[in-house]
1. Find, to one decimal place in angstroms, the Kirkwood hydrodynamic radius of the chain, where the mean of 1/r is taken over every pair of different Cα atoms and then inverted.
2. Can you tell me the order of 122-129, 35-42 when each peptide is scored by its average per-residue count of other Cβ atoms within 10 angstrom, highest first?
3. Pop out the ³J(HN,Hα) list for region 31-45 in order, Karplus 6.51 cos²θ - 1.76 cosθ + 1.60 with θ = phi - 60°, rounded to Hz; leave Gly and Pro as x.
4. Starting with the highest mean, order 141-147, 2-8, 97-103 by the number of other Cβ atoms within 10 Å, averaged over the residues of each peptide.
5. What percent do you get for the relative contact order of region 22-171 when only Cα pairs under 8 Å and 6+ apart count?
6. Between residue 97 and residue 10, how high is the FRET efficiency from 1/(1 + (r/R0)^6) when r is the Cβ-Cβ distance and R₀ = 45 Å? Nearest 0.05.
Amino acid sequence: MSLKHRLFHRKDFSPLIQRELVHRPEAAGVLLYSDQQQRFALIEQFRVGAVNDPVSAWQLEIIAGVLDGDESPESCIRRESLEESGCEITELKHLFSFYPSAGACSEFFHLYVAEVQLPEHGGVFGMPDEGENIQLHLFDYSQLEALFQNGRLRNAPVIMALQWLAQHIQQR
């Protein structure tokens, strides 16, 4: 796209500049956790954007999805949680809303956490007709530090959510 923007502390505009912009709809994600069980859930799925990642194209993530039409972030998260983990969410806590990559993408992301009753074991979830093949992983709170250190956390929403969880655990 070609555009001009207002300059800091001035009334005039920049010269005409060229920028690439990827238009994406709003999205929302949620970290599921249980203080009672001392566990949290992450999902793992293949991500085309990470196809050349030296660690793995299968990324550990929080549950997330794109808002459908005029769907609210909360409604999206409840739907995605059932599809990707089988977990039903009753209460949500909003952490942040942000642009994950504002230098080139219009996506606006809403990040939440939800305390839920986690299943005893992980499993495979997702919508096969949408090409989804999602592995649900359950982690003990004691594994949190190792996850930060082992290089498997490679996207901002999961890192932000787990940093919140680490603070939450310390403040309990």
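1. On the way: mean 1/r = 0.0568 Å⁻¹.
Averaging 1/r across every pair of different Cα atoms and inverting gives 17.6 Å.
2. Values: 122-129: 12.8, 35-42: 17.8.
Ranking the peptides 122-129, 35-42 by packing returns 35-42, 122-129.
3. These are the phi-based 3J(HN,Hα) values: 9, 8, 8, 9, 5, 4, 8, 6, 9, 9, 10, 10, 10, 10, 8 Hz.
4. 141-147, 97-103, 2-8
5. Values: 291 pairs, mean separation 47.1, N = 150.
Across region 22-171, relative contact order equals 31 percent.
6. Numbers: r = 30 Å, r/R0 = 0.66.
E between residue 97 and residue 10, to the nearest 0.05, is 0.90.
Read the figures in this text as sums done on the coordinates, not as results from a lab. Computed from a predicted model, the values in this text were never measured in an experiment. In this analysis, Cβ positions are derived from the backbone assuming ideal geometry, glycine residues included, and neighbour counts consider all displayed protein chains.
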